Amino acid sequence: MEELTRKVTELFRKESEEALQKVEDLAVSLDTPVKVRKMMVDGSPAETILKVADEENVDLIVVGASGKHALERFLLGSVSEKIVRHARVPVLVVHSKKLEC
């Protein structure tokens with residue numbers, strides 16, 4: 001079980017690093033004063049995003065929505081929904097089955 005957990009964590013970390021690099025590259029290509037700071041933080045997704053947003057004094061939270069159906073959201077909860085309900089700053093939710101930059 002430990003080996004499986006390690007491999008899954010490693011896979012998620014690699015995919016996260018690739019996605020964060022795409023966001024950073026996009027921000028640079030837009031040639032705007034938008035500041036992007038890459039970071040990976042372990043923890044409950046919604047709670048961690050909200051905590052970091054407060055600590056870093058961000059102006060906007062951008063989060064993807066997976067497109068789950070109402071029953072799945074009810075049973076599993078929705079990270080984006082929790083962020084929208086509890087954020088102290090505007091939240092932009094990008095609805096897509098697969099997020100690509």
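The values are calculated or read from the model by the stated rules, or taken from the named source; none is laboratory data. Keep in mind it's a predicted model, so treat the numbers as computed, not measured. When the accessible area is computed, the model is the full protein with side chains, heavy atoms only, and any ligands, DNA or RNA have been set aside. Shrake-Rupley method; radii C 1.70, N 1.55, O 1.52, S 1.80 Å.
Would you mind computing the Rg to Rh ratio of segment 1-50 from its alpha-carbon coordinates, Kirkwood style for Rh? For segment 1-50, the value is 1.10. Taking every protein chain into account, the 1.4 Å probe leaves GLU55 with about 120 Å² of accessible area, to the nearest ten.
The H on the amide N of ALA65, modeled in the peptide plane, is under 5 Å from the matching H of VAL94, HIS95, SER96, each at least 5 residues off or on a different chain.
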